[in-house]
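J.: Structure incoming, see below.
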There are 2 protein chains.
Amino acid sequence: MTPPVPVLVDCDTGVDDAMALLYLLARDDIDVVGITTVFGNNTAAQCAHNTLRVLELVGRRDIPVAVGAERPLVGEVTYLATHVHGNDGLGDSGLPMEVSTAVSDLSAVELIDRLSFEHAGRLRILAVAPLTNIARALETIPDLTDRIVDIVIMGGAADVAGNQSPAAEANIIHDPEAAQLVISAAWPTTLVPLDVTMVEVLTERHRSMLIAADTPVSRFVAATTDFYFERYGMDSYGVRCSPCHDAVAAAVLTGEVVPSVFPVIDVQVDCTDGPGRGATICDTRGRYRGFPSMPEGNCRVALVTDGTFPDLLIAALGA
Amino acid sequence: MTPPVPVLVDCDTGVDDAMALLYLLARDDIDVVGITTVFGNNTAAQCAHNTLRVLELVGRRDIPVAVGAERPLVGEVTYLATHVHGNDGLGDSGLPMEVSTAVSDLSAVELIDRLSFEHAGRLRILAVAPLTNIARALETIPDLTDRIVDIVIMGGAADVAGNQSPAAEANIIHDPEAAQLVISAAWPTTLVPLDVTMVEVLTERHRSMLIAADTPVSRFVAATTDFYFERYGMDSYGVRCSPCHDAVAAAVLTGEVVPSVFPVIDVQVDCTDGPGRGATICDTRGRYRGFPSMPEGNCRVALVTDGTFPDLLIAALGA
């Protein structure tokens, strides 16, 4: 049997970040060796604390959690998504605020340095938040791209609208300069954009199954999604439901979700101050020819999935 | 019986512009009262000459044709689409180069002024080229928006890639500043973007029917599409075929094509110098809720059509 694959998760925990973490932690083939946090859904410090709360829930106090950037490479934070993720950033689900562990003494970049050295040539990164930590790590660790197998990013919008602006998705518009740096770096990059995450939707049926399963994890996810359904679902879909953005990216990383349209294409991030700031400009012009090989492509982009992942997700979470 | 609706066509004739003109000229319910030309597929002067050639073919020497802008509001012309439309701009179809009529003594803006005055409150505009003439007319004629019923534009890309760049469609990127001015002007605007024009595809079946019909018009269109199939079809679709961009917009104007998804939404043109320059940033975030009413919307955008227009088009062209 092959040993589990070491994965570092960079996140802004977050309702859907928590789902992604719990999904990965439930798998035998994945070893979450460290978690770094960044501003986005909440402050990096609060997101780290929330991560510890999630790890506590599943008894994984051994995984180091390091606090990263509180602001983007350029400019200031303009927005934290507390209206979607609740005041505590975890859907006000009632998960205890007290934890018995502390965050790492290392910074996020230092933890990335250490883990990428220890697991050089084997480590994969799942990045489901603004890409500031990863960009800082690229600037700080000259051979980082050589140490890492690949990076899977939840973010962007290829052939659909954004969410935080008409053109841009939240993770990317929080730090477009970082995203451009990470996507154009010399490592295999996979983008899991709104094109697919918005069609992988948790519904009341899934919530009922989570409630019925009645495990600590399923109860927690049912509670967080209750909040998320009300805020996210009503705003975006007009009914109680929710996407599970970050968990979809985790499942693309594990290979449990294999997008049916998944070309390697050129992606550029709009770093202007115009109306397109933060857009991931994906060259999907090959779509009418079935996406022929594009040698200059810098990113594999998930463009179509079948919407069945939420069933797999709740099974992994105990329902 | 209601009198035919006066329509001014602003174009850069062009293979698909010619189809749009012939389609409109074949209809009893439309009165093409004037045509203005602009740089794009070729120079404005060559496009005007090509327009006269098309009008000659159907014996409509009475329609005034005025030459407009040879350059965008900002910057210079970087590109003429002669590789797609042939050296003569009409698919090198063998249509006689000699015409018995001359272009109007009026400039494009002067003709727009005269016709919008004569047909005030009734005139509609079909704009299937860079929007420089229309923008110049808006700048020159203060009450133009009051005189015009509406404007239907072939251009842009909402939730698909562009064609001239990954983000931008050719008509818009030729003059983004003009497009922004026209789309945000105080008149009803309809955008017919690549989202729908790229799925309304003429095939060899249509060409065979045009050849079999054996009229002057059907022979001409069959000849121009032969060239267009080879250049456009092979490049974009990998098979001999072609979209009929401008004719789709003409059919949206007449109402023969009614897009099944056709919301009024906010559209902004990217006028930066970044990678998104010329993109039409369409706020399609309402798609997951069936596009609820957006009072701040400035443009009706055709997002879905059923691909059956080419059958109607060739019928209108005699096949």
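Derivation of every value follows stated rules applied to the coordinates shown; laboratory data play no part. Just so we're clear, the structure is a prediction, and the values are computed from it rather than from any experiment. We place every Cβ from the backbone using ideal geometry, glycine too, and count neighbours over all the protein chains shown.
J.: Simple spin-label model, 7 Å along Cα-to-Cβ: B:THR82 to B:SER260 in nm?
T.: 4.2
J.: Quick one: net charge around B:VAL269, please, counting Lys, Arg +1 and Asp, Glu -1 for every other residue with C-beta under 10 Å from its C-beta.
T.: Details: positive: B:ARG277; negative: B:ASP175, B:GLU177, B:ASP270.
Summing Lys and Arg as +1 and Asp and Glu as -1 gives -2.
J.: With a cap of 11 neighbouring Cβ atoms within 10 Å, and only residues DSSP puts in a loop, list the GluC sites (Glu not before Pro) found in region B:193-274.
T.: On the way: sites: B:GLU200, B:GLU204, B:GLU230, B:GLU256; in loops: B:GLU200, B:GLU256.
Counting only loop positions with at most 11 other Cβ atoms within 10 Å, none of the GluC sites (Glu not before Pro) in region B:193-274 qualifies.
J.: Count charges around B:VAL77 for me, please; just the other residues with Cβ under 11 Å from its Cβ, Lys/Arg as +1, Asp/Glu as -1.
T.: Once positives and negatives cancel, what remains is -2.
J.: If you don't mind, another one. Loop only per DSSP, at most 10 neighbouring Cβ atoms within 10 Å: give me the GluC sites (Glu not before Pro) in region B:1-101, ordered by residue number. Don't jump to the answer; show the numbers that get you there.
T.: Values: sites: B:GLU56, B:GLU70, B:GLU76, B:GLU98; in loops: B:GLU70, B:GLU76, B:GLU98.
Sparse-neighbourhood loop GluC sites (Glu not before Pro): B:GLU76, B:GLU98.
J.: Let me confirm one metric for peptide B:59-69, namely the mean number of other chain beta-carbon atoms within 10 Å of its residues' beta-carbons.
T.: Working: counts 0, 0, 0, 0, 0, 0, 0, 0, 0, 0, 0.
The per-residue average across the peptide is 0.
J.: Which percent, nearest 5, of DSSP beta bridges in the protein assembly as shown are antiparallel?
T.: Values: 16 of 67 bridges.
The antiparallel proportion sits near 25 percent.
J.: Also, I was wondering about something else. If we count every other residue with Cβ under 11 angstrom of B:THR190's Cβ, Lys/Arg +1 and Asp/Glu -1, where does the sum land?
T.: Overall, the nearby charge balance is +1.
J.: Using r as the Cβ-Cβ distance of B:ASP214 and B:THR140, and R0 as 56 Å, what FRET efficiency do you calculate, to the nearest 0.05?
T.: On the way: r = 45 Å, r/R0 = 0.81.
Once rounded, the FRET efficiency stands at 0.80.
J.: Work out, step by step, the length gained on full extension between B:VAL74 and B:ARG60: first 0.36 nm times the residue separation, then minus their alpha carbon distance; give nm to one decimal. Write out the running numbers ahead of the final one.
T.: Working: separation 14, 0.36 × 14 = 5.04 nm, distance 3.48 nm.
Result for the pair: 1.6 nm of gain on full extension.
J.: Tell me whether chain A comes out rounded, prolate or oblate; compute the Cα gyration tensor, take square roots of the eigenvalues as a ≥ b ≥ c, and use a/c under 1.5 as the rounded threshold. Walk me through the numbers before you get to the answer.
T.: Values: a/c = 1.35, a/b = 1.14, b/c = 1.18.
It is rounded, given that a/c, with a ≥ b ≥ c, falls under 1.5.
J.: Taking Cα centroids, how far is region B:107-160 from region A:219-278 in Å?
T.: 41
J.: Sorted by average packing, counted as other Cβ atoms within 10 angstrom per residue and highest first, what order do A:291-304, B:272-285 take?
T.: Numbers: A:291-304: 16.4, B:272-285: 23.4.
In descending order of packing, they fall as B:272-285, A:291-304.
J.: Sort shortest first the distances from A:MET294 to its counterpart in every other copy, using label points 7 Å along the Cα-to-beta-carbon line, and give them in nm.
T.: So the distances to the same position in the other copies read 2.4 nm.
J.: Find which of B:MET97, B:VAL84, B:ILE63 sits farthest along the positive direction of the dipole of region B:1-136, computed with +1 on the beta-carbon of Lys and Arg, -1 on that of Asp and Glu, about the Cα centre.
T.: B:ILE63
J.: Then there is this: Restricting to region B:5-316, what percent of DSSP beta bridges are antiparallel, rounded to 5? Walk me through the intermediate numbers first.
T.: Details: 8 of 34 bridges.
Just about 25 percent of them are antiparallel.
J.: Measuring nothing but label to label, 7 Å from Cα along Cα→Cβ, what are A:GLY255's distances to the other copies in nm, shortest first?
T.: Result, one decimal in nm: 5.8.
J.: Here's something else I'd like to know. Pick from B:VAL128, B:VAL99, B:VAL152 the residue whose mean-square fluctuation is largest in a GNM of chain B, springs joining Cα atoms under 10 Å.
T.: Highest fluctuation of the listed residues: B:VAL99.
J.: Taking the Cα centre of region B:5-316 as origin, sum charge times position over the Cβ atoms of Lys and Arg (+1) and Asp and Glu (-1), and report the length of that vector in debye to the nearest 20. Mind dumping the intermediate values first?
T.: Details: 20 positive and 42 negative charges, 85 e Å.
The dipole of region B:5-316 has a size of about 400 debye.
J.: Taking B:TYR79 in one copy and the same position in all the others, each labelled 7 Å out along Cα→Cβ, what are the pairwise distances from the first, in nm, shortest first?
T.: The answer, with the shortest distance listed first, is 3.0 nm.
J.: Here is a further query. Once you sort the root eigenvalues of the Cα gyration tensor of region A:54-191 as a ≥ b ≥ c, which label holds: rounded (a/c under 1.5), prolate (a/b larger than b/c) or oblate (the other case)?
T.: Numbers: a/c = 1.77, a/b = 1.03, b/c = 1.71.
Taking the square roots of the gyration eigenvalues as a ≥ b ≥ c, region A:54-191 is oblate.
J.: I've got another one for you. Where does the protein assembly as shown land at 222 nm, in deg cm²/dmol rounded to the nearest 500, when only DSSP H runs of n ≥ 4 count, each adding -39500 (n - 2.57), divided by all residues? All intermediate terms of the calculation are to be shown ahead of the outcome.
T.: Numbers: 26 runs with 220 residues, N = 638.
Calculated at 222 nm, the ellipticity per residue is -9500 deg cm²/dmol.
J.: Could you list which residues have their amide H under 5 Å from that of A:ARG61, counting only those 5 or more apart in sequence or on another chain, with H placed in the peptide plane?
T.: Here nothing satisfies the definition.
J.: For the protein assembly as shown, give the magnitude of the charge dipole about the Cα centre (Cβ charges: +1 Lys/Arg, -1 Asp/Glu; no others), in debye to the nearest 20.
T.: Values: 40 positive and 84 negative charges, 172 e Å.
Dipole size: approximately 820 debye.
J.: Give me the dipole magnitude in Debye, nearest 20, for region B:14-90 about the Cα centre, with unit charges on the beta carbon: positive for Lys and Arg, negative for Asp and Glu.
T.: Working: 5 positive and 10 negative charges, 27 e Å.
Roughly 120 debye for region B:14-90.
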